[in-house]
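The values are calculated or read from the model by the stated rules, or taken from the named source; none is laboratory data. What you see is a predicted model, and the numbers here were worked out from it, not measured in a lab. Because the Cβ atoms are built from the backbone with ideal geometry, glycine has one as well, and the counts that use them run over all protein chains shown. Side chains included, ligands, DNA and RNA excluded: accessible areas come from the protein's heavy atoms. Shrake-Rupley method; radii C 1.70, N 1.55, O 1.52, S 1.80 Å.
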Amino acid sequence: GKPECRSQTSSRIDATRLSLHGLWPQDEYCGVGSRDESFDKSGDWDNLPRVDLSPATKADLDRIMPGTQSRLERHEWLKHGTCSGVSADTYFGRAVLFLDTINNSAVGQLLGASIGKRLDGTAIRDAFDTAFGTGAGDRVRIACSQDGDRRLISEITIGLRGDVLGTGGIGELIAASRPTDPGCNGGIVDRVGHN
């Protein structure tokens with residue numbers, strides 16, 4: 001029922017590639033007033049302050065984060081970005097760079113070629129190894145959700161450690177993070193039109 005789901009078309013990037021949820025430093029709500037934190041926690045994102053972004057960053061973010069239609073960028077900035085120590089433009093610019101790099105790698109190719117099919121979690125982690133170096137897949141966690149009788153891959157979380165918001169490259173940032181529980185062992189890569 002969300003606007004970004006209702007408006008999805010087969011030509012929009014999130015129909016065939018990963019979309020962005022967020023970039024999450026460990027701390028939350030740094031320097032945020034209780035009123036805004038309350039709005040955020042209740043999901044009332046329309047009442048959160050607008051995020052100050054350049055037109056180019058806003059356009060990039062709208063392209064890879066369809067959730068901006070529901071003000072997801074306001075939530076992500078308030079809860080996580082305020083703790084990053086950088087401007088909103090830098091914070092979201094790095095997230096755009098990382099996601100574009102992943103989507104243009106063996107990972108994006110694998111996921112795009114697997115729409116509507118079941119994909120094993122090992123294959124996804126192997127694609128991360130191919131794209132970003134041996135061991136990268138060990139730093140990836142896959143989440144799945146049930147949709148009736150279908151088990152869908154719903155999220156991929158990638159560990160990053162180091163100069164995430166500066167000049168660190170995604171391969172070195174993944175390599176520097178700790179291995180994680182792999183999560184779900186596989187599921188269907190959803191087709192366009194399914195929510």
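Within region 85-102, being within 29 Å of R150 (Cα to Cα) and touching a Ser or Thr at 6+ places or on another chain (Cβ under 9 Å) holds for one residue alone: L99.
In summary, C5 fulfils each of the numbered conditions (1) without any contact (Cβ under 8 Å) to a residue 40 or more places away in the chain; (2) more than 15 Å from the chain's Cα centre (by Cα); (3) under 23 Å from I156 (Cβ atoms) with the single exception of condition (1). Only one entry of G137, G133 meets the criterion of being over 18 Å from T16 (Cα atoms) and free of Cβ contacts under 8 Å to residues at least 24 places away in the same chain, and that entry is G137.
Counting only residues that are in contact with a Ser or Thr (Cβ under 9 Å, 6 or more places away or on another chain) and polar (S, T, N, Q), which one in region 131-156 is modelled with the lowest pLDDT? That would be S154.
Yes/no matrix, rows are residues, columns are (1) among the aromatic types (F, W, Y); (2) open to solvent by less than 30 Å² (accessible area, probe 1.4 Å); (3) touching a residue at least 24 places away in the same chain (Cβ under 8 Å); (4) assigned to a loop (DSSP other than H, G, I, E, B):
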position	(1), (2), (3), (4)
T9	no, no, yes, yes
R17	no, no, yes, yes
L20	no, yes, yes, yes
R35	no, no, no, no
D52	no, no, yes, yes
D60	no, no, yes, no
E73	no, yes, no, no
E76	no, yes, yes, no
G85	no, no, yes, yes
